[in-house]
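Asker: Structure incoming, see below.
Please treat every number below as a calculation from the coordinates, not as lab data. These numbers were taken from a predicted model, which means no experiment stands behind them. In this analysis, Cβ positions are derived from the backbone assuming ideal geometry, glycine residues included, and neighbour counts consider all displayed protein chains.
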Amino acid sequence: MMTVNFDLIIAGCNTRCRHCYVNGGPGGMMPLASVLGTIEKLDALAELLPYETSFTLDNEPMDHPDICVIIRAAAAAKHIGYFHHGMTSGIALMARKDRDDVMRAYLDQGFREFGVTVHGNAAHHDMIVRRKDARRTAVEAAEYIKTCGAEIGVSLMFNRFFHEDADGIDALLERLGPGWIYFAVPNYTPHGNMMNFEPFRGSLDSLLGLRSHYALWGQKEEKLLEDVCTPGMLIKRLEEGLDVGEMFERPQEEMYLTVRPDGSLFYGNTGVETERLGNMRTLDVKAAARRILELPGNRDWGAFYDAGTLPGPEEMIRALGRVPADLAYSDMASTVYRAFAEAGIPTVIRGWK
């Protein structure tokens, strides 16, 4: 059974994470009337689809001045579910004078789980999200959310600095006492944002070097190694016989669509929208439903590639072997060092000049 999710981008974001897959960062604000009209249209569209259908509010919903009204409207939709992922940078929430009202709006509608993402210590976190004091504010927000009676979780965004920041991450988890911990490794994805993250990507060796922390982080090694998320992992899988072409051609049962702040509806998300289906203000709901029914699932990035043009496994292994095991080598170090300066973080990194 196909499941469908619409990513409804109602506001910009307070950070510019280098790995962001939904084109986050400062951006347009969808007017309240447009948000409410879009939710109504999505509800009507979902009624015509024989799929399990939901929508998500992005990028940072708490940036929107009318988020309390929007949350109530999202919860009131009859035919489409509101998928509350609850992830927040915390920056928008802590800057609001009405933060108590915002939290009450979520809680009154039954949304009781929220999460913050941690990229390591303050300097590394702020550099990767490109916002000074971002980690401090995220922690403050997590603690405030807990005082409101909600559950807080932590997403650990693995990167090459985790091995030196691991003890500090342990201390933070003990301080926050999260209800859940998710270990995230940014995937390889074909959009420009991800290129900004490559100098920061952790290696397989650095991941395995964190074994002593897995228990506190609520992780199991075999689970972490299920996904191909470092060059070393992919080489290993290719040597074991992984057929990337077959994997990309496999039918998918999840479909993602995006509604941009200007109301444009696209098939696809995560920064790669492959077909424009119209604008929500003027959308012919029946025609849009017919087109969506013709489209295949696109959850996996294989949906955006021509599998027939992929190189063979030996060529892939040779190419991956040219990727430095330690991305601090060569000019990668200066790339990361410049990133600190760009983020306004006066930090000298040990061993770098």
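Asker: If one computes the Cα centroid of region 42-63 and of region 234-252, what distance in Å separates the two points?
Answerer: Measuring centre to centre over Cα atoms gives 32 Å.
Asker: Can you pull the one-decimal nm distance between simple spin-label points at Ala289 and Cys148, each 7 Å off the Cα toward Cβ?
Answerer: Distance between the two pseudo-spin positions: 3.5 nm.
Asker: Quick query: amide H of Tyr182 versus all other amide H atoms, modeled in the peptide plane; which residues come in under 5 Å with a sequence gap of 5 or more or a different chain?
Answerer: Correct list: Val154, Ser155, Leu156.
Asker: Can you give the FRET efficiency to the nearest 0.05 for Glu198 and Met316, using r as the Cβ-Cβ distance and R₀ = 22 Å?
Answerer: So the FRET efficiency works out to roughly 0.85.
Asker: Ok, one more. Suppose every K and R has +1 on its Cβ and every D and E has -1 on its Cβ; what is the size of the dipole of region 1-110 about the Cα centre, in Debye to the nearest 20?
Answerer: Value, rounded to 20: 280 debye.
Asker: While we're looking at this one, here's another question. Of all DSSP beta bridges located in the chain, what percent are antiparallel, nearest 5?
Answerer: 20 percent
Asker: Provide the gained length on full extension for the span Asp133 to Asn279, in nm with one decimal, where the gain is 0.36 nm per separating residue minus the Cα-Cα distance.
Answerer: Gain in length upon complete extension: 48.8 nm.
Asker: Helix-only mean residue ellipticity at 222 nm, the chain, DSSP H runs n ≥ 4 weighted -39,500 (n - 2.57), per residue, nearest 500. What is it?
Answerer: -11000 deg cm²/dmol
Asker: Then there is this: Calculate the dipole size of region 3-342 relative to its Cα centre from +1 charges on Lys and Arg beta carbons and -1 charges on Asp and Glu beta carbons; express the result in debye to the nearest 20.
Answerer: Here region 3-342 has a charge dipole of around 820 debye.
Asker: If you take every DSSP beta bridge fully contained in region 131-269, what fraction is antiparallel? Give it as a percent rounded to 5.
Answerer: Bridges in region 131-269 are about 40 percent antiparallel.
Asker: Note down the relative contact order for the chain as a percent, whole number, built from C-alpha pairs under 8 angstrom at least six residues apart.
Answerer: Reported relative contact order: 20 percent.
Asker: Moving on. Per 10 Å bin, what is the whole-percent P(r) computed from every C-alpha pair distance within the chain?
Answerer: Taking every Cα pair in the chain, the percentages come to 5, 22, 31, 27, 13, 2, 0.
Asker: Could you grab the relative contact order for region 31-180? Cα pairs under 8 Å, six or more apart, rounded to a whole percent.
Answerer: 21 percent
Asker: Can I ask one more? Could you run the Karplus curve 6.51 cos²θ - 1.76 cosθ + 1.60 with θ = phi - 60° over region 210-226 and give me ³J(HN,Hα) per residue in whole Hz, x for Gly and Pro?
Answerer: 9, 3, 5, 9, 4, 4, 5, 7, x, 10, 10, 4, 5, 6, 4, 8, 5
Asker: Given a Förster radius of 45 Å and the C-beta distance between Ala75 and Ala307 as r, what FRET efficiency does 1/(1 + (r/R0)^6) yield to the nearest 0.05?
Answerer: According to the calculation, E is roughly 0.65.
Asker: Report the number of Lys pairs in region 100-239 whose alpha-carbons are under 27 Å apart, with separation of 8 or more residues or on distinct chains.
Answerer: The result is 4.
Asker: Now for a separate question. Can you tell me which of Ala141, Ala92, Ala76 moves the most in a GNM of the chain? Springs connect C-alpha atoms under 10 Å apart.
Answerer: Judging by the Gaussian network model, the answer is Ala76.
Asker: List Met195, Met103 from most exposed to least, where exposure is judged by having the fewest other Cβ atoms within 10 Å.
Answerer: Met195, Met103
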